[in-house]
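First the structure, in the form of structure tokens, and then the observations on it.
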Amino acid sequence: MRLHIMLAGLLAVSGHAAAQGHAGPQGSAPAAHGPTWSYDGPSGPDYWSRIDAAYATCSTGQQESPIDLAGAISADLGVLDLQWRTLSARVFDTGHAIQVEATPGSNLTMGGRGYALLQFHVHQPSEHLLNGHRYPLEIHFVHTAPDGTLAVVGVFAEPGAANPVLQSVLESVQAAPDAARPTLDMTALLPQGREFFRYEGSLTTPPCSETVDWAILAEPITASDTQIEAFARLHPGNTRPLQPLNRRFLLRSAP
Ligand SMILES: [Zn+2]
């Protein structure tokens with residue numbers, strides 16, 4: 001009997017460790033963000049709301065993300081004014097994605113409201129679709145307003161020329177996880193075109209809070225096949241399934 005309990009305990013511990021397997025060598029990461037969730041199996045997206053009562057919105061929410069960016073209504077959305085500075089940023093593995101913590105001073109103005117850049121992270125493949133097309137990578141630039149509202153700018157990457165910033169991020173996280181602070185020229189993560197899609201949505205990870213003003217650029221940047229494969233090795237399929245649009249409008253900035 002006692003042996004059974006011990007074995008069960010050991011299995012529970014090793015299962016927990018496996019679920020957090022992508023954490024850095026210090027076992028950092030999901031840290032302080034509640035119970036463990038993942039992208040597949042019994043802790044995957046279908047079960048997020050059952051893992052913790054605080055994650056209920058993942059099932060009950062009506063304004064969830066990601067969505068397929070299709071059937072957008074053209075509208076005058078003003079300019080997506082991105083004032084990002086070169087960052088000397090901490091690159092680390094959250095256990096769910098490779099993330100870069102922004103140093104202060106990079107800002108976004110959208111719809112007359114100002115936001116500050118907090119961090120960016122990479123999904124492989126993309127979470128949003130563009131008219132049914134899924135890109136190999138999607139980068140989320142998370143901004144926050146003084147009142148706590150979030151604005152997330154999404155940028156797709158398609159196969160092509162290598163991206164210098166993604167290269168620095170990959171080299172940093174592989175060489176010195178949690179310790180690297182490469183200098184990143186953020187403009188290299190933006191396409192030339194500034195047309196964008198706009199809708200009200202949610203975090204795409206638990207607790208799936210519906211507090212996000214999404215702005216997703218229509219034009220992708222490029223990443224090399226090698227870079228895409230590297231992200232795929234680090235966090236394969238860190239992508240929440242598509243959510244229904246329900247009674248929301250999807251807007252597209254007039255060209
Ligand atoms: Zn994200």
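The values are calculated or read from the model by the stated rules, or taken from the named source; none is laboratory data. These numbers were taken from a predicted model, which means no experiment stands behind them. Here Cβ is always computed from backbone atoms with ideal geometry, including for glycine, and neighbour counts include all displayed protein chains. Remember, those area values only see protein heavy atoms, side chains included, never the ligands or the DNA or RNA. Shrake-Rupley method; radii C 1.70, N 1.55, O 1.52, S 1.80 Å.
Structure notes:
- Listed residues VAL173, VAL79, VAL100, most fluctuating in the chain (Gaussian network, C-alpha, under 10 Å): VAL79
- Put simply, the amide H of LEU118, placed in the peptide plane, has neighbours under 5 Å in VAL142, HIS143, THR144, leaving out anything fewer than 5 places away on its chain.
- 3J(HN,Hα) along segment 160-172: x, 5, 5, 9, x, 6, 4, 5, 4, 4, 5, 5, 5 Hz, from the Karplus curve 6.51 cos²θ - 1.76 cosθ + 1.60 with θ = phi - 60°, whole Hz, x for Gly and Pro.
- Cα long-axis angle, helix 2-19 against the chain (0 to 90 degrees, to the nearest 10): 20 degrees
- Placing unit charges on each Cβ (+1 for Lys and Arg, -1 for Asp and Glu) gives the chain a dipole about its Cα centre, and among LEU80, THR239, PRO42 the Cα reaching farthest toward its positive end belongs to PRO42.
- Positive-pole candidate from ALA180, GLN192, SER168, dipole of segment 115-255, charges at beta carbon: GLN192
- Rounded to the nearest 500, the 222 nm mean residue ellipticity of the chain from helices alone is -5500 deg cm²/dmol, with -39,500 (n - 2.57) taken per DSSP H run of at least 4 residues.
- Among PRO207, PRO146, PRO66, residue whose mean-square fluctuation peaks in a GNM of the chain (springs only between Cα atoms under 10 Å): PRO146
- Signed unit charges on C-beta, dipole axis of segment 131-255, positive-most listed residue THR222, HIS143, THR211: THR211
- Antiparallel bridge percentage (DSSP; both residues within segment 53-253; nearest 5): 75 percent
- Extension gain (nm, one decimal) between ASP225 and GLN83, 0.36 nm per residue minus Cα-Cα: 48.2 nm
- Net charge over other residues, Cβ less than 14 angstrom from the Cβ of ASP76 (K, R count +1; D, E count -1): +2
- Residue-count net charge about THR149 - beta-carbon cut-off 12 Å; Lys, Arg +1, Asp, Glu -1: -3
- Of the accessible area of segment 53-253, computed with a 1.4 Å probe over protein heavy atoms only, carbon and sulfur atoms account for 52 percent.
- The alpha carbons of the chain stretch over 70, 43, 35 Å along the principal axes, in descending order.
- What you get for the chain, charging only the Cβ of Lys and Arg (+1) and of Asp and Glu (-1), is a dipole of about 340 debye around the Cα centre.
- With all protein chains kept in place, the per residue accessible area of the chain amounts to 48 square angstrom at a probe of 1.4 angstrom.
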